[in-house]
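The values are calculated or read from the model by the stated rules, or taken from the named source; none is laboratory data. Not measured: the values here are computed from a predicted model. Note that we place each Cβ from the backbone using ideal geometry, even for glycine, and neighbour counts take in every protein chain shown. Ligands, DNA and RNA are stripped out before the accessible areas are found, and what is left, the full protein with its side chains, is counted by its heavy atoms. Shrake-Rupley method; radii C 1.70, N 1.55, O 1.52, S 1.80 Å.
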Amino acid sequence: MKVIITGMNGTVAPVLAAHLQQLGHSVIAWDRQRVSPETTSDYLTTVRPDAVCHLATGPAAWAEALAQSCATIGAKFLYTSSVSVFASAQQGPFGVDVQPQPADDYGRYKLECEQRVRAANAAAVIARLGWQIGDSAGSNNMVDFLERTQQANGCVSASDRWLPSCSFLVDTAAAVTSLLLGDAAGGVYHLEGNPGLTFYEIAERLNACHGRSWKIVQAAHPFQDQRLIDRRIPVAPITARL
Ligand SMILES: NC(=O)c1ccc[n+]([C@@H]2O[C@H](COP(=O)([O-])OP(=O)(O)OC[C@H]3O[C@@H](n4cnc5c(N)ncnc54)[C@H](OP(=O)(O)O)[C@@H]3O)[C@@H](O)[C@H]2O)c1
């Protein structure tokens, strides 16, 4: 399969690309220095990918154009959205039928992208992801947050009443791949790797796993079960690696 992936300078895309390549698929990174998102339709018509995975952030109009162009050329289209479409005041766990009520700009932006993608391409697969967990600081993942917070504050306040939506990057990549390669119908999917650990527990376990000396301080806020639910798409539980 020939797959175009956007956002390759980011956190999730390189891990997904590596996973697809391991399975023998051909990955083309969208290089925005060379190909402007403004020329999406022409580019896809020329390259003729079998699938496009849109992981980049950027204008909602680009997500819409990619979805539309994939519909036109008959390519699969997968968009990565976020648990952030749900406000922190909403109590989960969230099934795909729960109406998101985003309360911040990022959540509203992700929901707008979802809506424009769905309107442009009914077969589009939208994968909502939780907070990603990597191996180190330096990218958009939980370990980076813990490291930077420790350095800035001398400790990390971690709620024992917050069950964050999260998964390890490599497990997310595997689940996204199975959505892409399987016969998933168009629509929204929830990818969840947290079987029920609080943020405090996760932070403590990452501290031990990485041999760090973060000072994790138990806190009572936020108070939310943020987890996503979707029995159609299993994701390896974080407890398998923690
Ligand atoms: N990391 C997480 O914890 C997490 C959680 C939930 C959902 N997600 C979702 O997963 C996807 C990937 O996340 P990520 O963490 O890999 O993101 P990231 O590390 O922030 O990278 C995003 C990438 O988007 C591209 N980009 C940035 N600004 C842009 C702009 N103005 N116009 C066009 N492209 C732009 C860049 O890639 P290029 O320079 O290669 O184009 C950038 O590296 C996103 O849709 C995100 O919302 C991530």
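A few notes on this one:
- Taken together, GLY58, GLY7 contain a single residue that is near the ligand (Cβ under 9 Å from one of its atoms), touching a residue at least 12 places away in the same chain (Cβ under 8 Å), at positive phi and buried (at least 18 other Cβ atoms within 10 Å of the Cβ), which is GLY7.
- Number of the exception - VAL35 against (1) more than 12 Å from the ligand (Cβ to nearest atom); (2) open to solvent by less than 50 Å² (accessible area, probe 1.4 Å): (1)
- Count of residues meeting criterion [in a helix (DSSP H, G or I) and in contact (Cβ under 8 Å) with a residue 12 or more places away in the chain] in segment 205-239: 6
- Meets criteria (within 30 Å of ASP50 (Cβ to Cβ) and open to solvent by 20 Å² or more (accessible area, probe 1.4 Å)) for GLY196: no
- Comparison of VAL85, VAL15, VAL27 shows that the only residue that is within 23 Å of LEU228 (Cβ to Cβ), in contact with a Leu (Cβ under 6 Å, 6 or more places away or on another chain), of a type in the set (Val, Ile, Thr) and open to solvent by 10 Å² or more (accessible area, probe 1.4 Å) is VAL15.
- Pairs linking a residue in segment 68-97 that is more than 12 Å from the ligand (Cβ to nearest atom) to a residue that is open to solvent by 70 Å² or more (accessible area, probe 1.4 Å) and part of a strand (DSSP E or B), with Cβ atoms under 8 Å and 6 or more positions apart or on different chains, are CYS70/LYS76.
- Test for ARG148: is it among the basic types (Lys, Arg) and touching a residue at least 12 places away in the same chain (Cβ under 8 Å): no
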